[in-house]
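Okay, structure first, notes after.
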């Protein structure tokens, strides 16, 4: 039986502990102080709080007083059927072991014996909802018969501890959640996150929105969200439509161009979600979107390129078709057709490979085109005298027909002209006129064959040159606006071709 | 030999690829038509429209050297001249106001184009 002074003292201990809890928000400090006060009140050297570790089936010495280093925060007890702590937790009632030497029900961890513990009392700590948190344990170095007053005091103490621990854990979780939330929204710079009120006026402007759309929070809070839409979308009523859809269906896609503070546009792939209060009424909207401008632009570019490729292919097939038709009309027989047609197809293929190597703003140059054609005339190229500047850029739409024309000239030179006779010569000269009388740049090409002896045989062959000549004399002026002079003189062919060339890089690649 | 289907009919041809234009020209001439053009540029096509009071039909390449042909198409519509498009692009490259106009994907079959023109003239 304890006396009145002692009872008063115990009440004082509870009050002190309550005071300490009010002034502290560190769970570790509170549990340690709790152990210190309870040990002092019960004249014990040792006290500790054990926290259940469910996944391990153990309890950790979470806090304590009187223990050697390496126990608090480290030592564990097994919560099995031989554990006094487990028993107390299971029953929800205090459990006294007055002398562990005589205790038959339980075994005790070694560190307890090493600290000279001979008696102990376990009091379960319950969280609100009676969920066990662990035990408060007071350990003594001499046998002691705990009285009913001791037990009641310990029970009261443990009942205070439970809600305190619970509040601390919730505050910790909340702080953790808040911190995580802060980290997420502040680091998600690629996502614009905007909250609006029921009238769709902006109430929250997170850092991602500021970095994507340019306005600071101060500048935009309170403004209607529709100012983020393009004038076209505003005129079309898109902002209202989106909010109405979200109000009706919970959410609405928001995948469109938006306007930045500086007037530039950004393509946002996002969604507007209606926010509802506890009564189900819409209280505002959350808009989350990602800046996908780069992806969008590359998709658009891709689409244009695919379109151009398709167009170029179809055009090429059309040209091949017409070429076959034209070659067939001029051919004597099938082997003749085959030879001529295959030859022209190869010329077309060479142009395609030149064109397909180009980057966007690149152009095929005249010297490249000429060397590709001459390189195909194996054995003859070294007999050709070349004179002209490198790097005259050709519009892509002109390259194909110009290549076919050069090919006709070269083929005829090999078959009937300068390259068919050892004494004859071929000189190709060209010059670039940056600004002709009409104000646009021109390329002037001169194809001069000399020393060709015209025999009866070649004279008879000349009519068959009609087909290639037609390509030069008619196709070039028609398709390129070229000026062509074609003269089969006594010593051989003199052909001049003047082609307007564009210097701009943005001109269309396309025709047809 | 049967009566040429397009005898004395004036058909405008706008096509910037010489070889293709020439093939059309040959095919139309064989059907008895008078070929207007062919032209390879939009400006040439416009000039031809101004000069020619009588045009019975037209074959329009949708894109002439990077320029769309739709100004010509509008002018022809105004004059109630039937026409068809030829194009290396998808149908989607043609504006909605021309959705009732036949559009032939390149490579086109010249003789099919000629029969199409003949039907258009007969029905107009």
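Restricting attention to the stretch B:40-56, the residues that are assigned to a loop (DSSP other than H, G, I, E, B) and within 14 Å of chain A (Cβ to nearest Cβ) total 2. Of everything in the stretch B:97-124 that is away from chain A (no Cβ under 14 Å) and not in a helix (DSSP H, G or I), the residue that is surrounded by the fewest Cβ atoms within 10 Å (Cβ to Cβ) is B:100. Among the residues of the stretch A:36-67, those identified as part of a loop (DSSP other than H, G, I, E, B) and within 25 Å of residue A:102 (Cα to Cα) are A:42, A:43, A:44, A:45, A:66, A:67. All told, residue A:469 falls short of being away from every other protein chain (no Cβ under 14 Å), outside any strand (DSSP E or B) and modelled with pLDDT under 85.
Of all residues assigned to the stretch A:270-293, none qualifies as being under 29 Å from the mean Cα position of the chain (by Cα), away from chain B (no Cβ under 14 Å) and exposed (fewer than 12 other Cβ atoms within 10 Å of the Cβ). Can you tell me which residue in the stretch B:59-96 is modelled with the highest pLDDT, limited to those that are part of a helix (DSSP H, G or I) and within 14 Å of chain A (Cβ to nearest Cβ)? The extreme case among them is B:93.
From the list A:297, A:308, the one residue that fits, being part of a helix (DSSP H, G or I), surrounded by fewer than 17 Cβ atoms within 10 Å (Cβ to Cβ), away from chain B (no Cβ under 13 Å) and on the phi < 0 side of the Ramachandran plot, is A:297. Just one residue in the set A:136, A:126 is in the same structural domain as residue A:79 (by TED's automatic domain parsing), surrounded by fewer than 22 Cβ atoms within 10 Å (Cβ to Cβ) and not in a loop (DSSP other than H, G, I, E, B); that residue is A:126.
Residue B:24: more than 12 Å from chain A (Cβ to nearest Cβ) and either in contact with a strand residue (DSSP E or B) (Cβ under 6 Å, 6 or more places away or on another chain) or over 23 Å from residue A:477 (Cα atoms) (or both), yes or no? No, not satisfied.
Among the residues here, residue B:87 qualifies as under 29 Å from residue A:400 (Cα atoms) and crowded, with 20+ Cβ neighbours inside 10 Å. What residue, among those in the stretch A:476-493 that are more than 50 Å from the chain's Cα centre (by Cα) and not in a strand (DSSP E or B), is modelled with the lowest pLDDT? The extreme case among them is A:490.
The values are calculated or read from the model by the stated rules, or taken from the named source; none is laboratory data. None of these values were measured; they are calculated from a predicted model. As a convention, Cβ positions derive from the backbone with ideal geometry for all residues, glycine included, and neighbour counts pool all protein chains shown.
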